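K.L.:
This is the structure I want to talk about, given as structure tokens.
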Amino acid sequence: MTDLIMDEAALRAAILREMPGVRADLERLVRIPGIAFEGFDFSHVERSADAVAELLRAEGLETRIVRAGGQPAVIGTRPAPPGAPTVLLYAHHDVQPIGDRSMWESDPFEPVERDGRLYGRGAADDKAGVMAHIAALRAYGDALPVGVVLFIEGEEEYGSESLDALLEAHRDELAADVIVIADSANWDVGVPALTTSLRGIVNVFVEVRTLESAVHSGMFGGVAPDALTALVKLLATLHTEAGDVAVDGLVGRAVSTLDYPEDRLRAEAGLVDGVQFIGSDRLTDRMWTKPALAVLGIDAPATAEAPNALVPSAKAKLNLRLAPGDDPKSAYAALKSHLEKHAPWGAQVTVTLEQDGFPSVIDATGPAFDAARDAFRTAWDGAEPVDVGIGGSIPFIATFQDLFPQAAILVTGVEDPHSKAHGPNESLHLGEFQRACLAEALLLSTVAKALKKG
């Protein structure tokens, strides 16, 4: 096996050689609008899966497209050399909807480079993750020092509804010593990171009804409460005056040793002048290890079409992010209880669960994590990697932890704080992408050394 382990110089040269082709294939993937949300043309998700499968087959992997009632995923395998470990490489090929097209400076599905960044939906999240895996394979060619299983999901952005079934159905095929999930972000441009905690998620719909039907606002206003005002009043109970979540029964903790510079966070979040941060404790704790609650949308008459009538019912979608250590079922019960308890003026309140997912905490110690940090230091020319939390949610990490308890799970990423994943003008820093590709190639080598069997 040691004969297959390439040295750093050889890997650097190989990645540099492969980057033009890797970028061309990344741009080809970005041009496919593979959105797994209801109401979109799923044929593009099929095209995306076909394109990924073609890429894996070209690298000599035994490849097939699989599904479990949802959108297509791709599995590609190459067995380990004698005595070598197996590494599962995860990414997803589906993307978020583009949102308001007018907010994009260029066509979301026509990749374009500006100031060293590649712009396009999925350029960072997560088609660059797919191509980082491909780049590492291409760097080695036939001399791959580990066994690999590439698992490229097709509905992560839509909640991974069929993922549990896929993992159960292909559990033996996906078993590995190390799992690399390339779907997170680095701390900053020039500073690599391992993600060691992620928040969970509970999405609910809350509907408030006060009237059987709309009635004249002049005739009945002042005595009959309208549902929209009642909903607004109810939503206002969800936070304290300082902006902390006011729902009893949720887990929260302050544990981070990192903190964001306030000016950097203001710029990255795009806060407009005069807007203050909400909540208390360290900024990273507010984003990583405490609950957060946001109103994502409201169903009510549009202002341009609203008559002078009291609204009989109104509905909001709420997004609750759970701190590591919390449980989605108990968190949903706590949120539901709060909304029902604080119903204003006797309004009827109905709470419906849309989606939930577990938070995760990863014990990032052991030889695989040491190998990853060594690879990061080398790829980033000596920059010390940091452990970070992520305010977002990847609930299936908890599923991976349950199904493969002996595997070391490394959550890595190609994004940086300026990537604007899920937003308009999503982009990938091309220099950092090359470093991420090199880091993954180096990781396979360091893991092969660290976890040599026999």
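K.L.:
Of the conditions (1) out of contact with any strand residue (DSSP E or B) (no Cβ under 8 Å at 6 or more places or on another chain); (2) modelled with pLDDT of 95 or more; (3) over 23 Å from Ala193 (Cβ atoms); (4) not aromatic (Phe, Trp, Tyr), Asp402 clears all except one; give me its number.
P.N.:
Here Asp402 clears every test but (2).
K.L.:
Only one of these conditions is not met by Glu340: (1) without any contact (Cβ under 8 Å) to a residue 24 or more places away in the chain; (2) buried (at least 17 other Cβ atoms within 10 Å of the Cβ); (3) acidic (Asp, Glu). Which number is it?
P.N.:
(2)
K.L.:
Taking segment 98-117 only, how many residues are outside any loop (DSSP other than H, G, I, E, B) and touching a Phe, Trp or Tyr at 6+ places or on another chain (Cβ under 8 Å)?
P.N.:
Qualifying residue count for the region: 2.
K.L.:
Just to check your reading of the model, which residue among Leu16, Leu61, Leu4, Leu56 is surrounded by fewer than 18 Cβ atoms within 10 Å (Cβ to Cβ), over 21 Å from Ala165 (Cβ atoms), at pLDDT 95 or above and of a type outside the set (Lys, Arg)?
P.N.:
Result: Leu16 is the single residue among Leu16, Leu61, Leu4, Leu56 that is surrounded by fewer than 18 Cβ atoms within 10 Å (Cβ to Cβ), over 21 Å from Ala165 (Cβ atoms), at pLDDT 95 or above and of a type outside the set (Lys, Arg).
K.L.:
I need the full set of residues from segment 65-81 which are surrounded by fewer than 24 Cβ atoms within 10 Å (Cβ to Cβ), among the hydrophobic types (A, V, I, L, M, F, W, C) and in a strand (DSSP E or B), in order please.
P.N.:
Ile65, Val66, Ile75
K.L.:
For segment 82-97, which residues satisfy the criterion of being buried (at least 18 other Cβ atoms within 10 Å of the Cβ) and either free of Cβ contacts under 8 Å to residues at least 24 places away in the same chain or assigned to a loop (DSSP other than H, G, I, E, B) (or both)?
P.N.:
Ala84, Pro85, His93, Asp94, Gln96, listed by residue number.
K.L.:
Would you pick out the residues in segment 414-445 that are closer than 30 Å to Gly83 by Cβ, in contact with a strand residue (DSSP E or B) (Cβ under 8 Å, 6 or more places away or on another chain) and not acidic (Asp, Glu)?
P.N.:
Listed by number, the residues that qualify are Ala436, Ala439, Leu443, Leu444.
K.L.:
Is it fair to say Thr352 is over 25 Å from Asp188 (Cα atoms) and either open to solvent by 50 Å² or more (accessible area, probe 1.4 Å) or not basic (Lys, Arg) (or both)?
P.N.:
yes
K.L.:
Among the residues that make up segment 35-50, is at least one of them open to solvent by less than 70 Å² (accessible area, probe 1.4 Å), under 23 Å from Glu156 (Cβ atoms) and touching a helix residue (DSSP H, G or I) at 6+ places or on another chain (Cβ under 6 Å)?
P.N.:
yes
K.L.:
Restrict the check to segment 404-426 and report whether at least one residue is crowded, with 18+ Cβ neighbours inside 10 Å, within 20 Å of the chain's Cα centre (by Cα) and hydroxyl-bearing (Ser, Thr, Tyr).
P.N.:
yes
K.L.:
Sticking with this structure for a sec: Among residues belonging to segment 428-444 that are crowded, with 24+ Cβ neighbours inside 10 Å and among the small types (Gly, Ala, Ser), point out the one that is nearest to Ala124 (Cα to Cα).
P.N.:
For segment 428-444, the residue satisfying everything is Ala436.
K.L.:
For segment 296-399, please list each of the strands (runs of 3 or more DSSP E) lying entirely inside it that holds at least 3 residues being modelled with pLDDT under 95.
P.N.:
So the answer is 348-357, 386-390.
K.L.:
Suppose the filter is surrounded by fewer than 15 Cβ atoms within 10 Å (Cβ to Cβ), farther than 24 Å from Asp416 by Cα and not acidic (Asp, Glu); does Gly270 pass it?
P.N.:
So Gly270 does not fit the description; no.
K.L.:
Within segment 199-257, count every residue that is over 29 Å from the mean Cα position of the chain (by Cα), open to solvent by 70 Å² or more (accessible area, probe 1.4 Å) and hydrophobic (A, V, I, L, M, F, W, C).
P.N.:
Here the count works out to 4.
K.L.:
Moving to a separate point now. Where in segment 142-239 are there strands (runs of 3 or more DSSP E), lying fully within it, with 1 or more residues that are closer than 25 Å to Ser393 by Cβ, touching a residue at least 12 places away in the same chain (Cβ under 8 Å) and among the aromatic types (Phe, Trp, Tyr)?
P.N.:
Ranges flagged: 147-153, 200-209.
The values are calculated or read from the model by the stated rules, or taken from the named source; none is laboratory data. Being a predicted model, the structure only gives us computed values, none of them experimental. Counting neighbours? That spans all protein chains shown, and the Cβs are built from the backbone with ideal geometry, glycine included. What goes into the accessible areas is simple: the full protein's heavy atoms, side chains included, and nothing from ligands, DNA or RNA. Shrake-Rupley method; radii C 1.70, N 1.55, O 1.52, S 1.80 Å.
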